[in-house]
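Heads up: the structure comes next, in structure tokens.
The values are calculated or read from the model by the stated rules, or taken from the named source; none is laboratory data. Worth saying up front: this structure is predicted, and the values here are computed from it rather than measured. Don't worry about glycine lacking a Cβ; one is built from the backbone with ideal geometry, like all the others, and counts go over all protein chains shown. These accessible areas exclude ligands, DNA and RNA; they are computed on the full protein's heavy atoms, side chains included. Shrake-Rupley method; radii C 1.70, N 1.55, O 1.52, S 1.80 Å.
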Amino acid sequence: MAATVEPRPQPAQLPPWEPFREAVRATFFLGLREVRIVLRSAAVVVPNLLVPVLFFFVIVGSLENIAAQSGLENYKAFQLPVVIMFAVTGGSAGMNLVVDIESGYFDKLLLTPANRLAILLGAMGADFVRVFVQGLFIVVIAMVAGTEIATGVPGALVLAAIASVWGLAYSAIGFAIALKTGNPQATMNTWIFQIPLVFLSTAFAPLDALTGWLKTVATYNPVTYFFRGLRSLAMVGWDAGEIGVALGTACAFGAVTISVAFLALRGRATA
């Protein structure tokens, strides 16, 4: 009698959504790790808050009367988006990633089954939380100092949220440099990109008040239109078109910088 051959058991097939679920899970826990690191090194965040607050009071205190004489009322609200931008574009983005690269922890992550995109997405998600808290802190300080926001508290929250989208887009520059170079000094110097973006825009005066080459540069500077949308929230009221301008500008900027960051991640992961 011929021996019967038992069929080999087949491995259980995972549902098609399982890889996505695992990627989301890895992103969440890696992001939670980043948040814990930030909380343990809170002193790094302090300069990102003190400098914008000092800037706000110095600039408003020195230029508010001149602005009023020129017909620009509520100069505090006019400057609020600029101050928030300084708060959400601090130079600490990517520093934890550099530490992981130097310590070898990043290479260990690459050896795990975790989705490689989760490494960057988790860090960026945690950074969005950080910049939103910093932006909200600046808004609260400005309102306590007497800044009248046309859209009230709801508008202040929306203002901080949109500014955080820009902050996340800017943070992607730090992540890209960290992944490309693995160098702390290079990553810390991402603030140098902020200077021309802010100061060659309508940071201190409306576009119509600028002249010469500065007006030309500001016209093509995306920060000008980002400020325009936020200032509409702060000084005019709810305007879906202007809010869309600010959010669309931030998203377009982020589409470029985040793409560069993902390319840098792919380059380091395959090196």
Considering only protein heavy atoms, what per residue accessible area in square angstrom results for the chain with a 1.4 angstrom probe?
53 Å²
Given a Förster radius of 45 Å and the C-beta distance between Lys215 and Arg40 as r, what FRET efficiency does 1/(1 + (r/R0)^6) yield to the nearest 0.05?
0.45
Please tell me the relative contact order of region 98-219 in percent, rounded to the nearest whole number, where contacts are Cα pairs under 8 Å and at least six residues apart.
25 percent
Using a 1.4 Å probe on the protein chains only, how many percent of the accessible area of region 181-271 belongs to carbon and sulfur?
69 percent
Net charge of neighbours whose Cβ lies under 15 Å from the Cβ of Lys76, counting Lys and Arg as +1 and Asp and Glu as -1
-2
Reachable aspartates and glutamates, given that their alpha-carbon falls under 16 Å from the alpha-carbon of Lys180 and they are not under 8 places away in the same chain
Asp100, Glu102, Asp107
Set of aspartates and glutamates with alpha-carbon distance to Lys76 below 15 Å, sequence-local pairs under 8 removed
Glu64, Glu148
What is the sum of charges around Thr219, taking Lys and Arg as +1, Asp and Glu as -1, for the other residues whose C-beta is under 15 Å from the C-beta of Thr219?
+1
Per 0.36 nm of contour for each residue apart, how much would the distance between Leu117 and Ala23 grow if the chain were fully extended, relative to their Cα-Cα spacing?
33.0 nm
In degrees between 0 and 90, to the nearest 10, how far off the longest principal axis of the chain does helix 222-231 point, with axes built from Cα atoms?
70 degrees
Out of the total accessible area of region 44-131 (probe 1.4 Å, heavy atoms of protein only), what percent is carbon and sulfur?
67 percent
Once the Cβ-Cβ distance between Leu50 and Met143 is put in as r, and R0 is 22 Å, what FRET efficiency do you end up with, to the nearest 0.05?
0.75
Can you tell me the length gained on complete extension of the stretch Lys108 to Leu32, counting 0.36 nm per residue apart and subtracting the Cα distance?
25.6 nm
Take every Cα pair under 8 Å in region 152-218 that's 6+ residues apart, average their separations, divide by the length, and report that relative contact order as a whole percent.
19 percent
For the chain, radius of gyration divided by Kirkwood radius, i.e. Rg to Rh on alpha-carbons:
1.12
Using 0.36 nm per residue, how much length does the chain from Ser259 to Ala240 gain when fully extended, once their Cα-Cα distance is taken away?
4.1 nm
So for the chain, averaging the separation of alpha carbon pairs under 8 Å that are six or more residues apart and normalising by length, what relative contact order in percent results?
24 percent
Under a point spin-label approximation (7 Å from Cα along Cα-to-Cβ), what is the Trp191-Leu157 distance to one decimal in nm?
3.2 nm
